[in-house]
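Heads up: the structure comes next, in structure tokens.
The values are calculated or read from the model by the stated rules, or taken from the named source; none is laboratory data. Every value quoted in this text rests on a predicted model; they were computed, and no experiment measured them. Cβ coordinates were reconstructed from backbone atoms using ideal geometry, including for glycine residues, and neighbour counts include every protein chain displayed. When the accessible area is computed, the model is the full protein with side chains, heavy atoms only, and any ligands, DNA or RNA have been set aside. Shrake-Rupley method; radii C 1.70, N 1.55, O 1.52, S 1.80 Å.
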Amino acid sequence: MNLVLLGPPGTGKGTIAKFIEVRFGCAHVSTGDLLRDEVASRTAVGLEIEPVMNSGALVDDAIVLRVLEKTLAGLKGKSFVLDGFPRTLEQGEILEPLLARLGIALDLVLEIDSPEEIIVKRLSARRQCVSCKRIYGLDVPSKNEGLCDECGSQTVLRKDDEPEVVKERLRLYNDITRPLSDFYSGRGLLRKIDGDRTLQEIFAEVEKLLSP
Ligand code: ADP
Ligand code: ZN
């Protein structure tokens, strides 16, 4: 099963994608993580996109596409859950020929949504492990504050989770990503999920939706 996860930042998309990965064996493909890896490895692309990402703006389509296509091609037919792409109608339109080229069909698009004040509260509490990239937050805190349960590295507030940047990301989401909801609804692929619940409740609903 090949999935796209849609939803504003702070709705637990990454955590839900991880759940789907573990429960259904779909590779979690996060364009945000792929791009952050480029930055962390100080590649030429990484140096170019670092200031863009830190400001909360979107990275150039050509760059995201290159990184994404390489990753999807590397899956060699393994199913995936796509998190953070597409983010604009244009990217939704580009994704279709890209998948066709790789002989991949999209099965379902899950859209998770929550009220804005809850999103802001969640993101300011969110921390990410600097090495394994695991996310911690209000629902899933790390056992030792500031340290990753998985690998013991430091967990930090991401630059793009700072309040001013969060506001910009939410504005961007409403303006340019939300229209993808109608785009996929028109293709009969969209399922909406209420994100204003505990992760356990959301997992249960996702499980029901994805079970045959
Ligand atoms: P979130 O979904 O929580 O906003 P992500 O980890 O998905 O955060 O993305 C972080 C940053 O990576 C974005 O703010 C943007 O700069 C860049 N990025 C990720 N995916 C895309 C994309 N599909 N198109 C353009 N930029 C992207
Ligand atoms: Zn870690």
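Being over 17 Å from the mean Cα position of the chain (by Cα), assigned to a helix (DSSP H, G or I) and within 10 Å of ligand 1 (Cβ to nearest atom): is that true of Ile118 here? Reasoning before the result, please.
Working: over 17 Å from the mean Cα position of the chain (by Cα): yes; assigned to a helix (DSSP H, G or I): yes; within 10 Å of ligand 1 (Cβ to nearest atom): no.
Against the criterion (over 17 Å from the mean Cα position of the chain (by Cα), assigned to a helix (DSSP H, G or I) and within 10 Å of ligand 1 (Cβ to nearest atom)), Ile118 does not qualify.
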The range 121-139 - residue that is in contact with a strand residue (DSSP E or B) (Cβ under 9 Å, 6 or more places away or on another chain) and not basic (Lys, Arg) and, of those, farthest from ligand 1 (Cβ to nearest atom): Ser131
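Of the residues in the range 125-146, how many are in contact with a Leu (Cβ under 9 Å, 6 or more places away or on another chain), outside any strand (DSSP E or B) and at pLDDT 90 or above?
2
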Pairs with Cβ under 8 Å, 6+ apart, first in the range 138-150 and in contact (Cβ under 8 Å) with a residue 12 or more places away in the chain, second open to solvent by 90 Å² or more (accessible area, probe 1.4 Å) and within 13 Å of ligand 2 (Cβ to nearest atom): Gly146/Gln154; Cys148/Gln154; Asp149/Lys143
The range 37-55 residues that are under 21 Å from Glu168 (Cα atoms) and in a helix (DSSP H, G or I), paired with ones that are basic (Lys, Arg) and open to solvent by less than 60 Å² (accessible area, probe 1.4 Å) (beta carbon under 9 Å, 6 or more apart): Met53/Arg36
Filter result (in contact with a helix residue (DSSP H, G or I) (Cβ under 6 Å, 6 or more places away or on another chain), at pLDDT below 95 and surrounded by 14 or more Cβ atoms within 10 Å (Cβ to Cβ)) within the range 153-195: Asp161, Val166
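So if I check each of Glu69, Glu21, Glu48, Glu38, which one is open to solvent by 60 Å² or more (accessible area, probe 1.4 Å) and acidic (Asp, Glu)? I'd like the intermediate steps shown before the answer.
Details: Glu69 fails: open to solvent by 60 Å² or more (accessible area, probe 1.4 Å); Glu21 fails: open to solvent by 60 Å² or more (accessible area, probe 1.4 Å); Glu38 fails: open to solvent by 60 Å² or more (accessible area, probe 1.4 Å).
Only one candidate qualifies: Glu48.
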